[in-house]
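Notes follow the structure.
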Amino acid sequence: MTSEPHSWPRYAKEITDPALAHEKPEALDDLRVLDASSGNFAALFASSILAEFGAEVIRLEPPGGDVARLFSPQGVKHRGTGLAYLVEARNKRHITLNLDLPAGRELFARLARHVDVVIESAKPGQMDAWGVGYRQLSAANPRLIYLAFSTYGQFGPRAASPIPDYDITDQALSGTPYTTGEPAGEGTPESSVPTRQGNWIAWYIGGGWGAFAALTAVIWRATSGQGQFIDCSPAEAEMRFTDYDVHWYHAARRTRERLGALNVSVFPYTLIKTKDSYSFIAGFSDINWAGLTNIIQRPDLKERFPTTKTRIGESKLLHRELEGWAANLTSQEVLDRVQDYVANKRGPGTVASARLNRPSDTLAESHWWERGVFEKIEDPDYGELLLQAPPWKMSRTPPRIKWACRPVGADNEMVYLKYLGLGRERLRTLKAEGVL
Amino acid sequence: MTESYFDWTRKLFDRARIFDKPEALRGIRVLELTTLVLGPTTADFLGEFGAEVVKVELPPGGDTMRYVTPEATYWQNASLGFFPTNHSKYHVGIDLHAPEGKELFKRLAAKSDIFVENFRAGTLDKWEIGYRQLREANPRLIYVADSGFGQWGPFSQGRASYDAVAQTVSGMIGITGFPGRPPILCGIFVGDWFGGLMASTATLVALHHRNKTGEGQFIDFAQSEGLIRSLDWTWVRHGLTGQDRGPAGNRDEAIVPADFLACRDGFVALAAGRDEEFQGLCVAMGNPALAKDPRFATLEVRQVPANAEALLALIRKWAADKSRAGLEGLGEKHGFACCRVANAEDRYRDEHLRERGAVWQYDDPLYGPMVEQGPAPKLSATPGRMRWAAKPVGWHNEEVLTRLLGLSPGRIKQLEEKKVVGRWADRPGAKPPDEWLKAHTEPKEQS
């Protein structure tokens, strides 16, 4: 086959365009997942990933709904459900069950015989004490993959800690906020502190690792026939991402500190103020630095600061130089100058830049809409919703959103009938007894 | 079931038994042609769970991450930035601009299950070693193309990207930090790391599909799109209300109370979203009546911004003269979440993390004792593991070219002389430690 370089983007789009996803098969349509987590968006993101790829996810909430439906900015609700939950309920069936009651736990154990993956976020040992932990469920279903989320994990000196799992505490333990934010004394007293990411990044990382681990277990089960227990701490999940921080302590007993918009290893890899906003700009290897000094027409800086070491040593001075250059340029003009140099190969080196986006700026860019990154879903129960779509483009088994959310207990009849043979009368009784 | 739960879990997950257990991805080979963090982690995570990872680098300099190390200071001639993304890999140096290099590379791809690259869109297609070419020889291949903006679409062509570009364009920086202050970068390369995790997760999905059908496939993953996915309620709120999310400091706008608190010896994070947790916090504060205050009694009233600010002011004041450990202890006792804002030393010295292998110690034949962040999820039957540390450029040339392609040592030597196959530059980041070089200096011509 001869290659036609110019047609690569066209070809890549042709084979991965998410607009055509519904015409293609789903990779995980042979998996059934029971997500019994409580107020935990790591667990919810894990089951979202599996649901996006086609698994049948049964989301189990206590009667009245999970507290996750209440975690919403300013407490805003849409048709009774908080905004965060509307994002992570996609493609999931919703049932209710009261695990505080023995009858509820018995039904849970029966449901768990029919599924491939159970997800929970109870305090470690809680499900086991109730007789519905991995030890008990796996006896009846040895192929079961059991994924449990908690801050400190299921084993180790602090595993018995009764604290609930939250994104903010997971972020704190991970080490990321310690190295994020304005250095002491450089900003206001209020802002010169360790700083968390604005989104629930630890929960999203934790959920990603949970789904990843469950998938490795599914692959192994195909040959071994055995399920297993997965212990996932979102704090440790994010810890795995803390660059070389522990390595540096090990090698040199150095602890990485906050540097605001600078980086301890390279320069420039930074945010600079422009005429109308801020821009990120990078050109940190020697050759890319040469490119950047060409763009800003300051060959003298290349001569004076030829190595990474010399640039890091004077990064504050160089940061001021870059801001001086950008002071009379808009962020778009900064990007245009960078792209003119890079795209037209006007000299050596590659430079990257980007305008600092508020979310509304991102939503205004056609690139993301063309690629199906955002979708306006017409949900039968919740109406029109703007959602971020699954982030993968795949040629054979693309992920997709089928529906956004379901009301509390909306699938009780279907799920309990299908898996446990419980008819309408029986469900009515269970509901009256507070079990559903 | 007389054994206590925690005695049972201790044995079930015992770190000392990890190497006696099987690996989920045993028998899967990953070929990577990647640099920096996004691409290498995509392969690395698969390697942690048993895949064999062959890392091809362009000799003699190799992966750019070999030159990203704190304060530009190298350790035993290695970049500290190169270790966390490259575990237990086989390092091969091949010049892909040479036709013979391309041939070698294609033969490796024909013997691989997964290929990961992070060049700018279309680069490998132009080099004739892209998806269209590789799948001809190996239709079972799962081809993962990592990038900043994707393989197609208006921003995809000719635009360079790094982690922080993704942080910037996704809106993540725009919703982080304190209102009215200059924007800050995340302390870690979060867009790369999260992206690597997302890409490797999709790879497992593709592997599952291939196990059923025999079909490989193409995966286009853009790190900016990974971060957009992670911005929780940002987009849905915009769609429903038109509100543009901005930075809100450290407090969580959706869970109240949840904030960072300055205390006597550092910072802690505290959260008590559920009402019973909040009641516990009020008891810990010596003010149980606070839990009945109409401004604070339920999560829904605490979420009202004015109430949240009033409550957090009280909590900040209460915490200021306490210690980190004291506050953590109160959380344990009263059932709310309170954890230290940990730094690298805290984690390095943490017995809990050591016992769990979240801080992973091992003895590398070239670098000696290594301490790193270990595999994230803990699996009872097929636990992840790290075997050896990243190695200099071309370290495993013979091992890989002999074992996988059946080349003789003489043939490899010829290829090295023609500079098709290569090793490290004489430069920190690329080369072995001085000790090793001293011990392995070949005696001058003596045949």
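Since every read-out is calculated from the coordinates, none of them should be taken as a lab result. What you are looking at is a predicted structure, and each value in this text was computed from that prediction instead of being measured. Using ideal geometry, Cβ is built from the backbone for each residue, glycine included, and neighbour counts are taken over all protein chains shown.
Please compute the length gained on full extension between B:Glu128 and B:Lys438, using 0.36 nm multiplied by the number of residues separating them and subtracting their Cα-Cα distance.
On the way: separation 310, 0.36 × 310 = 111.60 nm, distance 4.06 nm.
That works out to 107.5 nm of additional length.
Please give the average number of partner chain Cβ atoms lying within 10 Å of the Cβ of each residue in A:47-58, rounded to a whole number.
On the way: counts 0, 1, 5, 2, 0, 3, 7, 2, 1, 0, 0, 0.
Partner-chain Cβ atoms within 10 Å, mean over residues of A:47-58: 2.
On full extension of the chain, what length is gained from A:Ala19 through A:Arg253, given 0.36 nm per residue of separation minus the C-alpha to C-alpha distance? Kindly include the intermediate steps, with their values, before the conclusion.
Working: separation 234, 0.36 × 234 = 84.24 nm, distance 5.16 nm.
Length gained between A:Ala19 and A:Arg253: 79.1 nm.
Please work out the FRET efficiency for the pair B:Arg295 and B:Arg411, using the Cβ-Cβ distance as r and a Förster radius of 60 Å; give the result to the nearest 0.05. Kindly include the intermediate steps, with their values, before the conclusion.
Values: r = 78 Å, r/R0 = 1.31.
The pair B:Arg295/B:Arg411 has a calculated efficiency of 0.15.
Identify the chymotrypsin sites (Phe, Trp or Tyr not before Pro) of the range A:87-170 meeting these criteria: DSSP loop state and at most 16 other C-beta atoms within 10 Å of the C-beta.
Values: sites: A:Phe108, A:Trp130, A:Tyr134, A:Tyr146, A:Phe149, A:Tyr152, A:Phe155, A:Tyr166; in loops: A:Trp130, A:Tyr152, A:Phe155, A:Tyr166.
Loop-located and lightly packed - none at all.
Considering chain B as a Gaussian network with a 10 Å cut-off on Cα pairs, which listed residue, B:Leu330, B:Leu240, B:Leu38, attains the greatest mean-square fluctuation?
Evaluated over chain B, the most mobile residue of the options is B:Leu240.
How high is the relative contact order of chain A, given as a whole-number percent (alpha carbon pairs under 8 Å, six or more residues apart)?
It comes to 20 percent, rounded to a whole number.
Can you tell me the mean projection area, over all orientations, of the convex hull of the range B:258-342's alpha carbons? Units nm², please. Don't skip to the end; give the middle numbers.
Numbers: hull surface 18.7 nm².
Reported value for the Cα convex hull: 4.7 nm².
If we restrict to alpha carbons, what Rg and Dmax does the protein assembly as shown come to, in Å?
Answer for the protein assembly as shown, Rg first and Dmax second: 26.4, 93 Å.
Would you tell me the mean number of C-beta atoms belonging to other protein chains that fall within 10 Å of each C-beta in B:346-356, as a whole number? Don't skip to the end; give the middle numbers.
Values: counts 5, 11, 8, 1, 4, 3, 8, 11, 2, 6, 11.
Mean number of neighbouring Cβ atoms from other chains: 6.
For the range A:304-364 and the range B:1-68, what is the separation of their C-alpha centers, rounded to whole Å?
When both Cα centres are located, 35 Å separates them.
Estimate the FRET efficiency between B:Arg387 and A:Glu425 by the formula 1/(1 + (r/R0)^6), using the beta-carbon distance for r and 41 Å for R0, to the nearest 0.05. Before the final figure, lay out each step's value.
Numbers: r = 59 Å, r/R0 = 1.43.
Given R0 = 41 Å and the Cβ-Cβ separation, E is 0.10.
Take B:Asp364 and A:Asp300, extend 7 Å from each Cα along the Cα→Cβ direction, and tell me the distance between the two endpoints in nm.
4.2 nm
Under unit Cβ charges (Lys, Arg +1; Asp, Glu -1), what dipole magnitude, rounded to 20 debye, does the protein assembly as shown have relative to its Cα centre? Each step should come with its number before you reach the end.
Details: 107 positive and 110 negative charges, 131 e Å.
That gives the protein assembly as shown a dipole magnitude of about 640 debye.
Can you tell which of B:Met370, B:Ala254, A:Phe284 lies farthest toward the positive end of the dipole of the protein assembly as shown, using +1 and -1 charges on the Cβ of basic and acidic side chains (Lys, Arg; Asp, Glu)?
The residue sitting farthest along the positive end of the dipole is B:Met370.
Rounding to the nearest 20 debye, state how big the charge dipole of the range B:309-447 is about its Cα centre with +1 on each Lys and Arg Cβ and -1 on each Asp and Glu Cβ.
Working: 24 positive and 21 negative charges, 68 e Å.
Dipole about the Cα centre, nearest 20: 320 debye.
To the nearest whole number, what is the average tally of beta carbon atoms from other chains within 10 Å of the beta carbons of peptide B:108-114?
Working: counts 0, 0, 0, 0, 0, 0, 0.
So the per-residue partner count for this stretch is 0.
Taking Cα centroids, how far is the range B:252-279 from the range A:256-288 in Å?
Centre-to-centre distance over Cα atoms comes out at 32 Å.
Which listed residue (A:Asn141, A:Pro164, A:His319) has the Cα farthest towards the positive end of the charge dipole for chain A, taking +1 on Lys and Arg C-beta and -1 on Asp and Glu C-beta about the Cα centre?
A:Asn141
What lysines could a cross-link reach from B:Lys322, if we take a straight Cα to Cα line under 27 Å and drop same-chain neighbours fewer than 8 places away?
Reachable lysines: A:Lys123, B:Lys292, B:Lys333.
Going 7 Å from the Cα of A:Thr188 toward and past its Cβ, which residues in the range B:281-321 have a backbone nitrogen under 16 Å from where you end up?
B:309-310, B:313
When every alpha-carbon pair in chain B is counted, what percent end up more than 37 Å apart?
Working: 37563 of 99681 pairs.
Cα-Cα pairs in chain B separated by more than 37 Å: 38 percent.
Using DSSP to call loops (not H, G, I, E or B), can you name the trypsin sites (Lys or Arg not before Pro) in the range A:272-339 whose Cβ has at most 15 other Cβ atoms within 10 angstrom? The partial results should precede the final answer.
Details: sites: A:Lys273, A:Lys275, A:Lys302, A:Arg304, A:Lys309, A:Arg311, A:Lys316, A:Arg320, A:Arg337; in loops: A:Lys275.
Taking the range A:272-339 and a limit of 15 other Cβ atoms within 10 Å, the loop trypsin sites (Lys or Arg not before Pro) found are A:Lys275.
About its Cα centre, how strong a charge dipole does the range A:297-436 have in debye, to the nearest 20, once Lys and Arg get +1 and Asp and Glu get -1 at the Cβ? Provide the component values of the computation, followed by the final result.
Details: 24 positive and 20 negative charges, 120 e Å.
Computed charge dipole of the range A:297-436: roughly 580 debye.
Among B:Leu404, B:Leu314, B:Leu281, determine the one that fluctuates most according to a GNM of chain B built with springs between C-alpha atoms less than 10 Å apart.
Taking springs between Cα atoms under 10 Å, the residue moving most is B:Leu314.
Between the range A:52-104 and the range B:118-138, what is the C-alpha centre distance in whole Å?
Cα centres, the range A:52-104 to the range B:118-138: 43 Å.
Relative contact order for chain B using alpha-carbon pairs under 8 Å, separation at least 6, rounded to a whole percent?
Numbers: 787 pairs, mean separation 93.7, N = 447.
Over chain B, the number comes to 21 percent.
Report, in listed order, any pair from A:Lys431/B:Lys212; A:Lys345/B:Lys102; A:Lys13/A:Lys275; A:Lys273/B:Lys126; A:Lys309/B:Lys126; B:Lys212/B:Lys378 with a Cα-Cα distance greater than 31 Å.
Working: A:Lys431/B:Lys212 41 Å; A:Lys345/B:Lys102 25 Å; A:Lys13/A:Lys275 36 Å; A:Lys273/B:Lys126 37 Å; A:Lys309/B:Lys126 35 Å; B:Lys212/B:Lys378 27 Å.
Check vs 31 Å cut-off fails for A:Lys431/B:Lys212; A:Lys13/A:Lys275; A:Lys273/B:Lys126; A:Lys309/B:Lys126.
State which helices in chain A qualify, where a helix is a whole DSSP H run, it must extend 18 Å or more along its own axis by its Cα atoms, and its mean Kyte-Doolittle hydropathy must be at least -1.0.
A:201-224
For chain B, modelled as a GNM with alpha-carbon contacts under 10 angstrom, which of B:Val92, B:Val116, B:Val165 fluctuates the most?
Judging by the Gaussian network model, the answer is B:Val165.
Taking the Cα centre of chain B as the origin and placing charges on Cβ (Lys, Arg +1; Asp, Glu -1), which of B:Gly384, B:Gly329, B:Leu207 is farthest toward the positive end of the dipole?
My answer, from the dipole projection, is B:Leu207.
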